[in-house]
Amino acid sequence: MSLPNKFSILVWTCNLTLVVLSAIIIASGYYYSVVPGLVGLDNTFEGATKYSSRWSQNFLSDHFLFEQIVDKEKDIDTENYYFASTWNLYQIPITDSVRVEVNKIDEELSSSESNFAGIVTKKVTVSEPAGTLPVRLAAPAIPLEREQYISLARSNILFFALTAIYTLIFVWFLRRFVSGLRKPDFFNRKNSRTLYITASLVLMAPFLMWGWFTWIRPDLFSGYIIGNASALDTGSPLPGALIVFGVILFVIAWCFDQGVKLQKEQELTI
């Protein structure tokens, strides 16, 4: 006698997640191996004697900036590479901050029209000058050499790919456990071990992240002192949340294992 299939939605959700993660891993591998760093590093404009180009690309919370200035008449051809990160934000005093011009939007005169699907097809924004606002938080950009710039960008892609692989393994074991619950005899050692492995993967994740950012991923800002500014604590709550979630999964796994032992004892008693 088979149990009602109450976990089909969760199983198919895991299947879809596995497909998406596999696509991300393949795309990351392709980008890492084929594209040397970032798009636009070798940009040229044939026939132009004077031009400047700027490229910016973001990976996770890091920002990579490339700037090229060419003036053939003055024999100028310079390339500048910069790295900034939202993990390294600094508070700047109001008196020392840069000010940016802003406009105040007039909500009554502004309008937007959308079709049945909710996609905006026409939008009119009316605003008027409202002075300037100070830039209170800043993410300084550190100049890099070309090789260091490309290496740092690739390390972010590698971290992203490794995270996707780790998540894929976790989802695989989660799917395996949920799929096992669809059977009438779901209280068994196999499901118990699978749940223990799933909990272990969650608990190990924060420590692996710490190891990556401590020993592998360089902290470029540690060699700088930002004058007249104070660093902000931009630590992510994710590691703490993963530890709590992992402990909860371990408790559930232990309870599940105790249920398996009780069932075995009852079968022996009968």
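Coordinate-derived values only; no laboratory data. All values reported here derive from a predicted model rather than from experimental measurement. Heads up, the Cβs are rebuilt from the backbone with ideal geometry, glycines too, and the neighbour counts pull from every protein chain shown.
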I need TRP172, TRP254 ordered by Cβ neighbour count within 10 Å, fewest first. TRP254, TRP172
Taking a straight Cα-to-Cα line shorter than 12 Å from LYS50, and setting aside same-chain aspartates and glutamates fewer than 8 residues away, one finds ASP71, GLU73, ASP75, ASP77
Ignoring solvent entirely, what values of log10 I(q)/I(0) come out of the Debye formula for the chain at 0.13, 0.14, 0.15 Å⁻¹ when each Cα is a single scatterer? -1.13, -1.18, -1.23
Two-site FRET efficiency, GLN57 against VAL260, from Cβ-Cβ distance with R₀ of 51 Å, rounded to 0.05: 0.50
For segment 74-173, the Cα-Cα pair-distance distribution in 5 Å bins from 0, as whole percents, is 2, 9, 8, 9, 10, 10, 13, 16, 14, 7, 2, 0, 0
Can you list the lysines whose alpha carbon is less than 16 Å from that of LYS261, not counting same-chain residues fewer than 8 positions off? LYS190
Full-extension gain in nm, SER22 to SER97, via 0.36 nm per residue minus C-alpha separation: 22.5 nm
The exposure ranking of ASP77, ASP71, fewest beta-carbon neighbours within 10 Å first, is ASP77, ASP71
Subtract the Cα-Cα distance of LYS104 and ARG189 from 0.36 nm times their separation in residues, and report this length gain in nm to one decimal. 24.2 nm
Computed helical MRE - 222 nm, the chain, DSSP H runs ≥ 4 contributing -39500 (n - 2.57), nearest 500: -15500 deg cm²/dmol
Likely footprinting exposure, SER179, SER8, fewest C-beta neighbours within 10 Å first: SER8, SER179
Placing unit charges on C-beta atoms (Lys and Arg positive, Asp and Glu negative, everything else neutral), compute the dipole magnitude of the chain about its Cα centre in debye, rounded to 20. 1640 debye
